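Undergrad: Okay, here's the structure, questions in a sec.
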Amino acid sequence: MTEPTATDKQTPKAVREIVRRAGHELRNALSGIAVNVEVVRSRSERNAPAADVTSFADRARLQVAVATELANGLISLISSVLTASSDGTLRSIPTSGAGAESQIELMIYGDRAASTLTEIERLAKVIDVEVELSGQRVILTVLPEGKSHSKV
Amino acid sequence: MKHPKVLIADDDRSITEGLSAILRDEGYDVAVAIDGQKALDQLVAEPYGVVLADLKMPKVDGLALLKELQQRAIPTECIIVTGQATVDSAVQAMREGAYDYVEKPLTADKLNRLKALIPKALEKFNVQLKNRELSSKLEGLTHYGELTGQSEEMRAVYQIIEAVAPSNASVLIFGESGTGKELVARALHSKSERAKGPFFALNCAALPKDILENELFGHEKGAFTGSVNEKPGAFEMADGGTIFLDEVAEMPPDIQVKLLRAIESRSIRRLGGKKEIEVDIRILAATNRDLQKALSDNDLREDLYYRLAVVELFLPPLRERLGDVKLLANEFLVRFAQQNGKGVTGFDDAAWEWILSYTWPGNVRELKNAVERAVIMAGGGEKIRASDIMPRHLQRTGEFATAISVPPGATLADTRRQLVLRAFASTNGDYARTATIVGMNPADVRAEIASLLNGRSDTSTGVNGAARATKPAEAPAGKAVKAPAKPAPVKSKTKKR
């Protein structure tokens, strides 16, 4: 493994792991878009019947939705982490519960708190992260990979 | 036409279905496994040329799949396609035997790269499959064409012949005298598409220059005094087949120039002739010379060497494939007993001791001649004794009359070995008597003979003082290699080829 950089050391382990997993899923979704669009493109060039193309176009469209959801969740998480980090409400907490790899606690507040939380929850579901709410406090628990493994 | 089979191992349906469609459109027969375990099961059940595997999969992940493929020697080429792209995972995947590594997202560029990788991986898979089939076919084989041997060294030779024969490549066969270079050439010919054409063998050392030139290229009527008829040469007679030039390094330099020209232009001109005659031939050549010396002494033209040695094949001397000595001796015994109507039943123990401990500097030819002589000399219904099989010059004449020769540079160990061997021969393989003659204890005599038997002799001189023909150094038996771009400095005897 490569040595962690100064930034890595300052960033809680849970955040780094969430970003890594989200990145992986995002790349998968983008691949889903790319390969299905490629099928549409190449078959259209050959004037293939619509039936041979439509399902791939639909799949690409679905993957756009998935990628959008993942990207929104990731953006919401990172902006919340940055905000919590600057106002001092972000902290790593000792892992509790069986199988938890790492945990963080942060405060999510403001006008968009509800939608931000929803987006984070959607992301969390895909990447094996548990979300626990206690008022404005949110605890994110990184579970071992493959626990939920929900693929769209 | 059968479509090459590709397995996609990924748990992401949006990718597997799109990728399957792309690859099917490219003409592949595609199957999908939604986790590593299912991929493994499918690979065990039927062969897939290429597997496109995600690193992160349920049950068995991509790296574990690679490990299993390696451990269980399942033939396939694995391309890792992953979104978990880190240098570590890439390095680890390659270390575990992945053919290549493609990072997600699979953008148009990466898809194109993947499409280009698959045929290459399939080619590697097909070559490996062919090699496996060949190895299993050759395993346990005692005969190949007219060649006899089941040692690892000879199996390597068979494998090269099998691989090279179908091509039109020139092959330069290295080997000491008596190792069977012409038999290798015949096997190359008979396994090639030219098998129905003629095989023409010519020994370049056996003929004077003018005759050799005439034999190779033929002559027109009146080309020289006494040439009353036209005569086609070996090149014309071997048209559509194979010409084998034995002892090619002994060929006079000006004939080498003509030979080079004939190889390059695929045409010849008869002596005294004006027209070019096109010939379709494959050239095989052999030498027992130290090639480095032959090149440095200008005995063999470097440009001709490159033309002849597209593939080089090293035929091991008999002492380096002791495992074949018994097989060969028994085979010769049966053959010559039948030919001569002799009821010889085999070799006695002392004869075997001798046969297996002698280094056979004349190689298979010497063994063959020794067995033939022994069979002819043997009485009916008896076993061949050590004294029957020993070369005459090693046998006792009077009381140990034959002197041993100690060449300059020979060590004490060389000399002792010669003494022991000579005494052992003179006593018909009697350890106790040998020990008395040479003044050693029988255990040491036994150890000395055993060391010869195990080929631990570190001398470059044969037990009879016969110099070992120098094989190009460090080249393992049967190793075929492409001719180098440029020969190593010719002074070195340990040139690596």
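Undergrad: If you take the residues of the range A:48-80 that are modelled with pLDDT under 90 and part of a helix (DSSP H, G or I), which of them is surrounded by the most Cβ atoms within 10 Å (Cβ to Cβ)?
TA: So, considering only residues that are modelled with pLDDT under 90 and part of a helix (DSSP H, G or I), the one surrounded by the most Cβ atoms within 10 Å (Cβ to Cβ) is A:D52.
Undergrad: Can you find a residue in the range B:213-220 that is over 16 Å from B:R269 (Cβ atoms) and either at pLDDT below 90 or acidic (D, E) (or both)?
TA: Step one: of the range B:213-220, the residues over 16 Å from B:R269 (Cβ atoms) are none.
Within the range B:213-220, none of the residues are over 16 Å from B:R269 (Cβ atoms) and either at pLDDT below 90 or acidic (D, E) (or both).
Undergrad: Additional query: Please indicate, with yes or no, whether at least one residue in the range A:24-37 is in contact with a strand residue (DSSP E or B) (Cβ under 9 Å, 6 or more places away or on another chain), in contact (Cβ under 8 Å) with a residue 60 or more places away in the chain, of a type in the set (D, E) and within 13 Å of another protein chain (Cβ to nearest Cβ).
TA: No; the residues of the range A:24-37 include none that is in contact with a strand residue (DSSP E or B) (Cβ under 9 Å, 6 or more places away or on another chain), in contact (Cβ under 8 Å) with a residue 60 or more places away in the chain, of a type in the set (D, E) and within 13 Å of another protein chain (Cβ to nearest Cβ).
Undergrad: Could you tell me whether any residue of the range B:276-291 is among the small types (G, A, S) and free of Cβ contacts under 8 Å to residues at least 60 places away in the same chain? Let's see the steps before the verdict.
TA: Here is the first cut: in the range B:276-291, the residues among the small types (G, A, S) are B:285-286.
Keeping just the survivors that are free of Cβ contacts under 8 Å to residues at least 60 places away in the same chain gives none.
There is no residue in the range B:276-291 that is among the small types (G, A, S) and free of Cβ contacts under 8 Å to residues at least 60 places away in the same chain.
Undergrad: Here are some residues: B:R289, B:R261, B:R266. Which one is crowded, with 18+ Cβ neighbours inside 10 Å, in the same structural domain as B:Y158 (by TED's automatic domain parsing) and not acidic (D, E)?
TA: Values: B:R261 fails: crowded, with 18+ Cβ neighbours inside 10 Å; B:R266 fails: crowded, with 18+ Cβ neighbours inside 10 Å.
Going through B:R289, B:R261, B:R266 in turn, the sole match is B:R289.
Undergrad: I'd like to check something: does the range B:59-82 contain any residue that is assigned to a loop (DSSP other than H, G, I, E, B), among the polar types (S, T, N, Q), within 18 Å of B:L7 (Cβ to Cβ) and more than 9 Å from chain A (Cβ to nearest Cβ)?
TA: Of the residues in the range B:59-82, the ones assigned to a loop (DSSP other than H, G, I, E, B) are B:59-61, B:72-76.
Restricting the remaining residues to those that are among the polar types (S, T, N, Q) gives B:76.
Applying the additional criterion that residues be within 18 Å of B:L7 (Cβ to Cβ) yields B:76.
Now restrict to residues that are more than 9 Å from chain A (Cβ to nearest Cβ): B:76.
Yes.
Condition check ((1) crowded, with 20+ Cβ neighbours inside 10 Å; (2) part of a strand (DSSP E or B)) across all residues:
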| residue | (1), (2) |
| --- | --- |
| B:N168 | no, no |
| B:E176 | yes, no |
| B:V184 | yes, no |
| B:E193 | no, no |
| B:K196 | no, no |
| B:A201 | no, yes |
| B:A206 | no, no |
| B:D210 | no, no |
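Undergrad: Does the range B:38-59 hold any residues that are more than 40 Å from the chain's Cα centre (by Cα) and either exposed (fewer than 15 other Cβ atoms within 10 Å of the Cβ) or at positive phi (or both), and which are they? So that I can check it myself, show each step before the final result.
TA: Filtering the range B:38-59 for residues more than 40 Å from the chain's Cα centre (by Cα) gives B:38, B:54-59.
Listed by number, the list holds a single entry, B:K59.
Undergrad: For the range A:38-47: of the residues being surrounded by fewer than 12 Cβ atoms within 10 Å (Cβ to Cβ) and within 12 Å of chain B (Cβ to nearest Cβ), which is nearest to A:I18 (Cα to Cα)? Write out each step before concluding.
TA: Going through the range A:38-47, the residues surrounded by fewer than 12 Cβ atoms within 10 Å (Cβ to Cβ) turn out to be A:45-47.
Checking the rest, the ones that are also within 12 Å of chain B (Cβ to nearest Cβ) come to A:45-46.
On the way: A:E45: 40, A:R46: 42 Å.
Taking the candidates together, the pick is A:E45.
Okay, residues lined up against (1) among the hydroxyl-bearing types (S, T, Y); (2) in the same structural domain as B:E331 (by TED's automatic domain parsing); (3) over 25 Å from B:R307 (Cα atoms):
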site: B:Y144; (1), (2), (3): yes, no, yes
site: B:I161; (1), (2), (3): no, no, no
site: B:S167; (1), (2), (3): yes, no, no
site: B:V171; (1), (2), (3): no, no, no
site: B:S177; (1), (2), (3): yes, no, no
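Undergrad: Those residues that are among the acidic types (D, E) and farther than 13 Å from A:S79 by Cβ, I need them from the range A:112-146; list them, please.
TA: In the first step, residues of the range A:112-146 are kept if they are among the acidic types (D, E); the result is A:119, A:121, A:128, A:130, A:132, A:145.
Matches in the range A:112-146: A:E121, A:D128, A:E130, A:E132, A:E145.
Undergrad: Does the range A:86-99 contain any residue that is part of a helix (DSSP H, G or I), within 18 Å of A:T141 (Cβ to Cβ), β-branched (V, I, T) and in contact (Cβ under 8 Å) with a residue 12 or more places away in the chain? Lay out the reasoning, then the answer.
TA: Going residue by residue through the range A:86-99, those that are part of a helix (DSSP H, G or I) are A:86-87.
Now narrow it down to the ones that are within 18 Å of A:T141 (Cβ to Cβ): none.
Among the residues of the range A:86-99, not one is part of a helix (DSSP H, G or I), within 18 Å of A:T141 (Cβ to Cβ), β-branched (V, I, T) and in contact (Cβ under 8 Å) with a residue 12 or more places away in the chain, which makes the answer no.
Undergrad: Say we look at the range B:295-348 and pick out the residues that are charged (D, E, K, R), surrounded by fewer than 17 Cβ atoms within 10 Å (Cβ to Cβ) and touching a Leu at 6+ places or on another chain (Cβ under 9 Å); which of these is farthest from B:P252 (Cα to Cα)?
TA: If we take residues in the range B:295-348 being charged (D, E, K, R), surrounded by fewer than 17 Cβ atoms within 10 Å (Cβ to Cβ) and touching a Leu at 6+ places or on another chain (Cβ under 9 Å), then B:K326 is farthest from B:P252 (Cα to Cα).
Undergrad: Restricting attention to the range B:93-140, and to residues there that are of a type in the set (S, T, N, Q) and either assigned to a loop (DSSP other than H, G, I, E, B) or within 11 Å of another protein chain (Cβ to nearest Cβ) (or both), which single residue is surrounded by the most Cβ atoms within 10 Å (Cβ to Cβ)?
TA: Initial filter on the range B:93-140 (of a type in the set (S, T, N, Q)): B:107, B:112, B:126, B:128, B:131, B:135-136.
With either assigned to a loop (DSSP other than H, G, I, E, B) or within 11 Å of another protein chain (Cβ to nearest Cβ) (or both) added as a condition, the list becomes B:107, B:112.
On the way: B:T107: 16, B:N112: 12.
Checking each candidate, the answer is B:T107.
Undergrad: Is it true that some residue in the range B:351-361 is of a type in the set (D, E) and buried (at least 20 other Cβ atoms within 10 Å of the Cβ)?
TA: Pass one, the range B:351-361, residues of a type in the set (D, E): B:353.
Restricting the remaining residues to those that are buried (at least 20 other Cβ atoms within 10 Å of the Cβ) gives B:353.
Yes; the residues of the range B:351-361 include at least one that is of a type in the set (D, E) and buried (at least 20 other Cβ atoms within 10 Å of the Cβ).
Undergrad: Of (1) of a type in the set (S, T, N, Q); (2) surrounded by fewer than 16 Cβ atoms within 10 Å (Cβ to Cβ); (3) modelled with pLDDT under 90; (4) over 30 Å from B:D280 (Cβ atoms), B:Q150 satisfies all except one. Which?
TA: Result: B:Q150 fails condition (2) only.
Undergrad: Can you name every residue in the range B:1-20 that is more than 10 Å from chain A (Cβ to nearest Cβ) and among the polar types (S, T, N, Q)?
TA: If we filter the range B:1-20 for residues that are more than 10 Å from chain A (Cβ to nearest Cβ), which is where we start, we get B:1-9.
Answer for the range B:1-20, where residues must be more than 10 Å from chain A (Cβ to nearest Cβ) and among the polar types (S, T, N, Q): there is none.
Undergrad: Just to verify a result, which residue in the range B:21-37, among those that are surrounded by fewer than 19 Cβ atoms within 10 Å (Cβ to Cβ) and assigned to a helix (DSSP H, G or I), is nearest to the other protein chains (Cβ to nearest Cβ)?
TA: Within the range B:21-37, the match that is nearest to the other protein chains (Cβ to nearest Cβ) is B:D25.
The values are calculated or read from the model by the stated rules, or taken from the named source; none is laboratory data. What you see is a predicted model, and the numbers here were worked out from it, not measured in a lab. All Cβ positions, glycine included, derive from the backbone under ideal geometry; neighbour counts span all protein chains shown.
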